[in-house]
Amino acid sequence: MDVSAEDDYFYHENISFNFSYEDYPVLCEKGDVRSVGAIFLPIMYTVCLVVGLAGNSLVVAVYAYHKRLKTMTDAFLTHLAVADLLLLCTLPFWAADAARGWELGEAVCKIVSACYSVNFTCCMLLLACISLDRYLALARAQSKDQSRWLRRIITRRHCWKVCLAVWATAFLLGLPDLILSEVRWLSDRSVCLAIYPPSMARGGKAALEIAEVLLGFLLPLLVMVICYWSVGRALKGLPVESRGKKWRALRVLLTVVGVFVVTQLPYNVLKVYRAMDSVYALVTHCGTSKVLDQAAQLTESLALTHCCLNPILYAFVGSSFRQHMMKVAKTFGEKRRKRRKTRENAAEDEEMEMSFNSHCASQETNTFSI
């Protein structure tokens with residue numbers, strides 16, 4: 001998980017050659033930032049966990065019921081829901097870390113940190129794949145010659161290769177967290193964070209942050225804008241009779257892009273600024289550092305809400321998913337009615353058998369008494 005380097009750090013103010021007590025490094029205490037995070041972060045993580053688990057579990061359950069996924073989008077949505085679920089499962093660990101500090105050891109720290117980074121990046125890349133698949137579906141329907149090489153690559157037959165490439169890329173970006181994450185005692189508690197060696201404390205950390213921004217935000221955003229812009233232009237060319245459906249589809253596309261920008265842009269802008277700070281030491285005041293830490297808590301929580309919105313934006317609005325869900329609900333209802341009818345028939349048979357047995361018993365008693 002992206003955590004600011006050290007909770008308490010030393011910084012220099014008014015460095016000059018005329019030394020005085022004020023020129024020595026000053027300790028930046030961040031107890032107030034931690035106390036706010038100990039209340040705010042567990043609440044936000046709990047809300048994301050409950051809402052996200054409900055929506056993404058439904059997506060996985062519906063697609064798992066249909067053994068064979070029919071389209072590329074179905075496959076991408078399934079992988080997206082799995083990545084969201086794995087990401088959400090790390091939130092209880094970070095909520096406990098924010099409230100009480102890290103108490104689960106270094107091995108769990110490494111695994112949870114890597115799982116968070118891998119699945120966060122994987123979610124963003126899968127969003128790009130979904131938008132690309134929608135654009136290629138439109139290109140196939142209109143028999144366009146453009147992007148023919150993409151249509152040969154992104155097909156149902158090569159779907160598993162595309163998903164494997166996405167997961168492999170995300171795993172490579174999460175590998176530093178798996179290797180470098182450690183449990184350190186800072187101020188009054190233990191924390192789980194990535195500790196970079198002195199040789200790469202500046203350049204290596206900044207390069208990793210920029211790579212995450214490029215692959216986890218700018219690339220998906222660029223693909224989404226280009227693909228949905230092309231889809232929107234094609235929708236505008238539809239006949240007047242389809243105007244209602246056209247504008248509904250356009251609103252969906254604009255909502256998808258807008259939600260992505262609103263939830264992800266602040267977090268990634270802050271990551272770029274912190275990457276520049278690690279190289280050029282832009283932050284020299286304790287107050288500024290505290291504001292950045294609070295902004296990181298807020299923007300990262302906002303970015304995590306996208307895991308809760310993915311099922312609504314991508315699965316529930318799709319007619320194919322709604323059809324799958326209706327089939328599952330219908331089949332479940334039929335099975336439930338059959339079980340109820342079987343229980344009722346069994347109860348009726350048992351009552352008839354009991355009445356028959358009681359009648360026989362009375363006959364035997366009468367005979368015996370005679």
Take S113 and tell me if it is out of contact with any Cys (no Cβ under 7 Å at 6 or more places or on another chain), buried (at least 21 other Cβ atoms within 10 Å of the Cβ), of a type in the set (S, T, Y) and in contact (Cβ under 8 Å) with a residue 40 or more places away in the chain.
no
Based on this model, can you work out whether D84 counts as out of contact with any strand residue (DSSP E or B) (no Cβ under 9 Å at 6 or more places or on another chain), at pLDDT 75 or above and either in a loop (DSSP other than H, G, I, E, B) or under 26 Å from V191 (Cβ atoms) (or both)?
yes
Reported set for the stretch 245-270 where residues are buried (at least 18 other Cβ atoms within 10 Å of the Cβ) and either more than 20 Å from the chain's Cα centre (by Cα) or among the acidic types (D, E) (or both) is K246
Given (1) at pLDDT 50 or above; (2) not in a helix (DSSP H, G or I), F40 misses just (2)
Can you confirm whether L126 is more than 21 Å from I179 (Cα to Cα), surrounded by fewer than 19 Cβ atoms within 10 Å (Cβ to Cβ) and modelled with pLDDT of 90 or more?
no
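Can you pull out every residue in the stretch 181-211 that is assigned to a helix (DSSP H, G or I) and either modelled with pLDDT of 90 or more or surrounded by fewer than 18 Cβ atoms within 10 Å (Cβ to Cβ) (or both)? It would help to see each step written out before you state the result.
Initial filter on the stretch 181-211 (assigned to a helix (DSSP H, G or I)): 198-200, 203-211.
Within the stretch 181-211, P198, S199, M200, G203, G204, A207, I210, A211 meet the criteria.
Could you tell me which residue of the stretch 271-285 is farthest from A295 (Cα to Cα), considering only residues that are without any contact (Cβ under 8 Å) to a residue 60 or more places away in the chain and surrounded by fewer than 18 Cβ atoms within 10 Å (Cβ to Cβ)?
Looking only at the stretch 271-285, we keep the residues that are without any contact (Cβ under 8 Å) to a residue 60 or more places away in the chain, and these are 273, 277, 280-282.
Those left that are additionally surrounded by fewer than 18 Cβ atoms within 10 Å (Cβ to Cβ): 273, 280-282.
On the way: Y273: 12, Y280: 20, A281: 18, L282: 16 Å.
The selected residue is Y280.
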Counting only residues in the stretch 129-154 that are surrounded by 15 or more Cβ atoms within 10 Å (Cβ to Cβ) and of a type in the set (S, T, N, Q), the one modelled with the highest pLDDT is identified as S131
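The values are calculated or read from the model by the stated rules, or taken from the named source; none is laboratory data. Treat the numbers as computed from the prediction; the structure is a model and nothing was measured. Using ideal geometry, Cβ is built from the backbone for each residue, glycine included, and neighbour counts are taken over all protein chains shown.
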